[in-house]
Every structure is written in structure tokens, then in C-alpha cells.
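Worksheet: one structure, shown below.
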Amino acid sequence: MGDLLVFVLSGLVSGALYALLATGLVLSYSASGLFNFAHGATAYLCALTFYELHSGLGWPAVPAALLVVFVLAPGLGWGLDRLMFRRLAHVGETAQIVATIGLLVALPAAGLWAVELLADAGAPVEPAENRFGLPGVGPSPATSWQLMEGVGIDSDQLITWVVTALVAVALWVLMRHTRTGLQLRAAVDNRSLTELRGISADRLSSVAWMIASALAGLAGVLATPLLGLSAHDFTLFLFVSATAAVIGRFASVPLAFAGGLGLGVLQNLVAGYASFAESITGFRTAVPFLILFGGLLVLTRRARTAGLAAVDAPPVDHLAGASWGRRWGVWAAGAGLLCVAFYTVTTPFWSGLLAQGLAVALVFMSFTVVTGLGAMVSLAQGTFVTGAALVAGLLLSRGWPFVAALAVGTCAAAVLGALVALPALRLGGRSLALATLALAFLADQVLFQLRWLRNGDTGWPVPRPVLGPVDLSDDRALGVALVVLVALVAAGLSALRGSPSGRAMLAVRSAPAAAAASGVSVLRTKLLLFTLSAGLAGFGGVLYASYNTRITATDFTAMTGLVWLAVVVAAGVRRPQYAVVAGLVYAVAPRLLSDYVTESAHLPVILFGLAGLALANDPDGYCAAVPVRRARRRAAGSGPPSQGSASRGADSHRSTPDPAGAPLPNPRAAHASHASHASHADRADAALELRGVCAGYDGGLVLHGVDLVVRRGEILALLGPNGAGKSTACRVAAGSLPVAGGEVRIRGRDATGDGPVRRARAGVLLAPEGRGIFPSLTIEENLALYLPEAAARAAVYDRFPRLAERRGVNAGALSGGEQQMLALAPLLQRPPEVLIADEPSLGLAPRVAEEVYALLTELRDAGTALLLVEEKAAGILGVADTVAYLSQGRVAWCGPRDEVEADRLTEAYLGTGT
């Protein structure tokens, strides 16, 4: 019983730290959609600062901790959100993962370099790297108490428990009893809808990142006596706490908090009572990663995908169709010059350094396969390199020839990659990245601890081969051989990209659902990519070990793979030639910095890590950005198209037929008709105007010069078939889609540059297609977001007794009609200036749709200007004052409802005529 209590109590200490870190992960992810791999690095940086303030500068422990937790950590979260995280929220998930991994690498190195600089300047700081047995917030040495025989606690543990309990209460109060917490929970449900309700998602993101960083800082300060100052241990702690975030589905703070506590206890119980683990070296330290991997497999649900739209659209290839010389001439010339340089201008030292860069470039090209072609982030490439090199070293020690050992090592890495991929590929995105990292740590802790494989701490010699007359022990000969190998691998990958198999791989990357619908096996394709990538990494790893002439189990750890990923993706992961650039930079940059900038080993790590930050601006890497910028400069220099060609383009739309078969009016005539309608309207009474609006998506226009005027106390019905641009017009009016041309005016003021938050605060609200409610919030909480006054909500309940009866029920449990009533009911208490309703009757029974139209009519009578979008004219024509018909992105007709010719509208516009 005593042992059990000891395990539980000690487990609650680590569990409390897991809970704090997991809570921060959930908060930041829910507010920004970004999983922060650098969360543990933030904790380490705060722990380092606390240690230097307390032990170095002599500050009392409590003031130092308060400064770190309430000033430094939130300030760091706010700054990173402003500089990086907001922009990362709008790029692909691969760039998000790599950028935060780069931050994970850079932050600890930046802190240690700062300590070095302060020490050189004479500041009374203490050596900080890998220090253990450090004092915490409590007394030093810690005070101990005996609870019973064999069971005791100390002051550091007690402080951790008490502080964690207080934080749990504070978070519960924040999330459940404050308006900020309510808005944060609303952002979890639907970030875009919060902006349409006038709530700044950017402000919420900053608040969430500040709180998350403060929690990380608190965990770092409390963990100092337990973990010391080991950046590696803090990183491992983060990845274990990610399991608790998975338990909370990256959305529930209470579940993540409880999961962290339970995880700490479970980890201790497994390590304490798993007797079979005594015979498995490293098993006890690997328990957290087993739990992480199992938790990801069991608890992670992949989002359902549908449709044929690309989920990861590739960048434009500006050299598509160009000659071989234009595409490859520069790279071929560079390879030739490099071969000549090995035997002419380079010294033996620089020849070795360049050969090292080419060897690591082979490893980097494995990322081109798994991430560039497959859009999968593998954090286990270091494991494949180590496994292949150890196997090759073992075989070479048994007298095998180098080529045979290289082949077997490559195959061993490919098999290991397949074994990693088989259970992990059912996951995706950040979950796949975490799963591969957990398996990489398991390999470091267990697989590579096998004595027959690792050969102790000395490892295996991997001598350079002699191939006929070529002795690769000469760095120059090795360099030229590696240039040839790199060129062959790059050519092979480029050929693969253009082959049918490569096109299938790109299809799986861009749109898995569409690829599956076309008969491509998504799982088989991804497994092939993962296996090929692991084999290539192993191939490069054996040659890299041959360059070093020895391999040990600790040469290329899982953490090394994180640095590699940051370097190669920052350069450009879609093309193999960019991986070669990354390999050369990785080998040469540290030496250049050491010779000309500083001898500190931390600066190269900082720069490699911060290279990932560039992905916020160039998601495809800095090498890939060069041809894009050149193409843009050429396009800018060519000037706009001639007036004649523009006129011909406009004239070609004159007699475009409607899908129903009836000819539509000339767009110019329709434009003139509507302009006449607008000119006779009292513009002083206009609440919303669209003037010549052009807008679309990804460079393609959907709206072509749309003019609409909605006056106060008027319902303007916008009709048209699917694809006409109705929802696009709604998004433009609400500010959630920027215009490519034209103006949007609100009450006569030019609001074209306003986003959805400013538009909503100006009184323009969008009820989006579907239901404009937050399903995970209760009815009361949905109303409170728009009506903070209790009296206003009481008036809503008086008007809608059904909502009053179920005020504590989550809005997602309501029927479709009740959800639409909930979305519109608060507007009756505080009518907006403009309401844009996109398909308000969608999915509703006819009787419920009539009730919705009655509410809209009531809003019109209260002075609200309404823009109503419908495909079906039956119900909306009964309440509309003005009707506009949108066809192919243009207003084909607009006028009073009384002037609508029902038969012609039915036959020519709605396509329902006989």
C-alpha cells in the first residue's frame, strides 16, 4: 500500500506539470488552430530565466517566479503571436508544424546564447546548460514531511500541487464565468463566426497565447527541481503532455487537465509495477512515449473529407514547359563547377565540409519524398538514418563488402519505415507528426539500446570504401562521388514526380478524397512514400556515417531529425535540388559563423530554427520563393493587357445563355437598368451599397462588377441558380472576402478595406448558410455573446418560451428550426443596421420557413436593411421589396417586386418552366 501511495503522489507531481502544459496547448490550439511544438521550449526558456534571476542575480525565489510567469511568459506569447502565429494560421499544416518545430530548436539555444553573452559581459550569471538538482520556488534544500512510514512529500511537491489546484480553479472561473472565456469557447466552435459577430479572433488569439505561455512558464518554474535545465527533458515533457491534449480532443480544457493528472499517475504505475520491464533496457523511460503513441491511435479521429477541391493546392510551376536547359542548366553547371573545385581551389578542410553537406543532402532528399510528395511530416528520419548505419556497421564488422552492407542497411531502414507507417498512417497532420516522433523516441530509448546492435558507446567503424581504382578515403574523390550520387537521386525523384505513380502521389497530397474517387489507393500510396523515404534516409545515413568513418547510437537522435526538418523545409521541400542547397548550408554555415561571427555553437542552431519562421511568409521555402518573385517581376514589367483585348474579353459575354436555355439580357444593359434603379433611390437612405464589385478566390473572379443597393427598412432578395455568386456577394458584403475591384459602402462610408469584425461592429451582420450558432455553447451562452445584458436575454425568453425551457441545452442539440430561431431571436432585441441572410430557409420545413420569414419581416419593420439570398423564389417573393437576379457573377435584372414577371422569371431565370 505504501508503494502504491508513493507512486501515486510522485505521479501527481509530473501529472500536474503535464496538466499545465496540456492546458496551454489546448488553449492556444483552440484559439488559433495551431499546435505549438515549441510549448516545451517556452517552458525551458522561462525555467532558465528563473534560475538565472534566482541563483545568478540573487533575486528571491517568489519575485523571480512572479516576474517570469506574469511578465516574461505572457509577453513572449504575445510577441510570438503578433510576429508569427497569426500569419501561420493562414498557411498549410506542414508549414505550421515545421515553423513551430524551428521555434522549438531556436528558443533554448537563444536563451543559452544570451547567458553566454551576459557572462562574457561580466554579469553574475551561472552556467546553465544541463544543470540538475536546482532549487525551486520553495525553500532550498526542500523541506520534507512523513505522511506515514515510507511515504513522504517535500515542499517542492506540495507547492506544485497547491499551485496547480489554484490554476485549475482560476481557469474554470475564466472559461465559465467571464466574457473572455465565453468568447474563447465560441472561437473553438467557429472562429469565423466569432468575427462575423464582431469579436476579434486576433485579440482572442493573443489572449490565448498569453495564457498558454504563462502556463508553460509556470510549468517550467515548478519543474526546475524535477527536470533541472535540460532542454531535451523539457521537450520530452511537452510531447508526453500532448497525450493529455489528445484526451481533451484539443478542445476541452477540463478533459486535458484531468488527462494530464491521470497520465502522470499511470506513467508511474506502469513503470513501477511492470516487472517484465526489468529485462528491457530503456523501457521505463520509454513508457511516456508508449502512452503517447497509444493515445494518438485510440483517441485521435481523422476528419472526414469530401468533395473534389484541393486541400493542399501546389504552387504554380513557373518553369512548366520550359526547355531542359532552362530548368536544369543552372543546377548542372553548379554540379560541374563543384566537381572541378574539389580538385582545384578547395582546401582539404573545405573539401571534407562540402562532402559532408552532400552526404546529408541525400538524407534531406528523403524529406522531399515524404513531405514534398506526400504532405506527411515525419519526425523519425533520424531514426531511419541511425538504424541503417548501425546495421551497415554491424555487417561491415563481420567482413561484408561495403556495397552489400549499404544495400542491407537501406533495406533495413525501409522496413523500419514501413513498420512505423503501418500504425501511424491512419492519423494525419500534427497527430502523424507526434506519432512518428513518439516512435523515434522509443527507438532511441529501447531499440538502439540493444547491445548487439549498438556495440556499446563506441559504436561501429564504417570505413570508406575503395571502388576499383577510386579510393573514397580521399575527401575530394568522396565529394565527386557524392555529387554524382546526389545528381542521380535528384534525377530519379524528378522522374518519379512526372511519372504516373508520381502524379498519383501528388493527387493524394493535393486532394485525398478526389484521388480515392479516381481509383487511387490513398493508404497504399502513402505507405509506399513512407517506405521509399525511409530507405532513402537510410541510404544517405550509411554514406554520412562513412564520411564520419564511425556510427554510434547517439550520433543522430530524434532531436537531430527535428533540426534537419526545419532546415530542409525552410529551403524548400517540394524539389530535390532545394534539399541539396539545404544540405550544403547545413554543413557550411556553422563554420562560416564560427570564423566570422562567433564561436558559440548556439548561433547556428538559432538560425536553423528561425529559418522555419520564414514559412509564415513563404510556405514553400526560400529557394522556392525565388522563381515566384522573378515571375511576379516579369508579370509586373509586362504591363496590363491592351484595351482591345480587354474589350474583346468583355464583348464575349454579351449573349451567354442561361442554363435554362433562355437568353439573358445584355450585361451592359442589365448594369444600366440597375444603375437607373440605384440612381432613383434615395442614396442618403442606403444602408449597404456594392459598387462595381469584383471578387473571387485564388485569383479567379466570381463576381464581375456587381452593383446592389439595400436601403433601411427594405428587403432586397438576391436570386439565382447555384454557382451564380450569391454566397460570394454575401461574404464580400460582410467583409470576410476582400474585393478585387469596386467599393463596399456602409451608410455612405467607404468600408471596402474593413474586415468582418469592423463591419459587424458597424452593424452589418451575416447569418451564414446553415446555422449561425455555436453548437457547443448553451442557448444562454449563445444569447450572451450578442446580448450581454440579462434583461435583453429575458425579453428573448419571454418572446420564445421554447428557448427559455431549454436555456441550459447545447445549441447543437436543437432542431434546425430552433437553431435558426436562436440565431435570429437576439437580433429582435438589438436590430442591426444590415442583416445579410444566406439561405435562411435551408433545410427547414415549410411552416418553420414561414416563421423565419416572419421574423425577417419584423426586423425590416424595425428599420433593418436586409439582403436575403435564396435559390428558391417561392417564399422569399412574398416578403421582398426589391428583387435582384444574379447570373454568372453579374446582376442580370433588378427592380421592385411588383415588376417581376413570374412566368418569365420561372422559365428563363429559375429553370423550372416546362
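The values are calculated or read from the model by the stated rules, or taken from the named source; none is laboratory data. Computed from a predicted model, the values in this text were never measured in an experiment. Note that we place each Cβ from the backbone using ideal geometry, even for glycine, and neighbour counts take in every protein chain shown.
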Give the residues of the stretch 468-492 that are more than 25 Å from residue 366 (Cα to Cα) and aliphatic (A, V, I, L, M), sorted by residue number.
-> 470
Only one of 435, 407, 443 is without any contact (Cβ under 8 Å) to a residue 12 or more places away in the chain, of a type in the set (A, V, I, L, M, F, W, C) and in a helix (DSSP H, G or I), namely 407
Residues in the stretch 572-603 that are in a helix (DSSP H, G or I), surrounded by fewer than 21 Cβ atoms within 10 Å (Cβ to Cβ) and among the hydroxyl-bearing types (Ser, Thr, Tyr): how many?
-> 2
Hits in the stretch 504-543 - residues which are of a type in the set (S, T, N, Q) and either more than 22 Å from the chain's Cα centre (by Cα) or surrounded by 24 or more Cβ atoms within 10 Å (Cβ to Cβ) (or both) | 518, 521, 525, 531, 533
Given the structure, is residue 378 within 30 Å of residue 92 (Cα to Cα) and touching a residue at least 24 places away in the same chain (Cβ under 8 Å)?
-> yes
Report yes if residue 387 is in a helix (DSSP H, G or I) and either at pLDDT 90 or above or closer than 22 Å to residue 481 by Cβ (or both), otherwise no.
-> yes
What tally of residues in the stretch 498-524 results from selecting those that are touching a residue at least 40 places away in the same chain (Cβ under 8 Å) and part of a helix (DSSP H, G or I)?
-> 11
Could you please find all residues in the stretch 101-123 being of a type outside the set (A, V, I, L, M, F, W, C), in a helix (DSSP H, G or I) and either over 25 Å from residue 48 (Cα atoms) or at pLDDT 85 or above (or both)?
-> 108, 111, 116, 120
How about the stretch 832-860: which of its residues are touching a Pro at 6+ places or on another chain (Cβ under 7 Å) and free of Cβ contacts under 8 Å to residues at least 60 places away in the same chain?
-> 852, 859
When residue 555 is evaluated against the numbered criteria (1) part of a helix (DSSP H, G or I); (2) under 19 Å from residue 586 (Cα atoms), which criterion, by number, is the only one it fails?
-> (1)
Taking the stated definitions as given, is residue 426 buried (at least 20 other Cβ atoms within 10 Å of the Cβ), under 29 Å from residue 240 (Cβ atoms) and in the same structural domain as residue 529 (by TED's automatic domain parsing)?
-> no
Output for the stretch 204-234, where each listed residue is more than 19 Å from the chain's Cα centre (by Cα) and over 25 Å from residue 158 (Cβ atoms) = 231, 232
Within the stretch 248-255, is even one residue modelled with pLDDT of 80 or more and either surrounded by fewer than 22 Cβ atoms within 10 Å (Cβ to Cβ) or farther than 30 Å from residue 772 by Cβ (or both)?
-> yes
Check on residue 478, within 23 Å of residue 397 (Cα to Cα) and assigned to a helix (DSSP H, G or I) | yes
Just wondering, is there one or more residues in the stretch 132-155 that are assigned to a helix (DSSP H, G or I) and surrounded by 17 or more Cβ atoms within 10 Å (Cβ to Cβ)?
-> yes
Candidate set: the stretch 256-269, residues that are crowded, with 18+ Cβ neighbours inside 10 Å and in contact with a Phe, Trp or Tyr (Cβ under 6 Å, 6 or more places away or on another chain); chosen: the one modelled with the lowest pLDDT = 268
Scanning for something surrounded by 16 or more Cβ atoms within 10 Å (Cβ to Cβ) and either small (Gly, Ala, Ser) or assigned by TED's automatic domain parsing to the domain that holds residue 685 (or both), does the stretch 796-807 turn up at least one residue?
-> no
Hey, residue 427 assigned to a helix (DSSP H, G or I) and under 19 Å from the mean Cα position of the chain (by Cα) or not = no
Quick count over the stretch 740-750, residues being surrounded by fewer than 20 Cβ atoms within 10 Å (Cβ to Cβ) and either in contact with an Asp or Glu (Cβ under 9 Å, 6 or more places away or on another chain) or in a loop (DSSP other than H, G, I, E, B) (or both), is 7
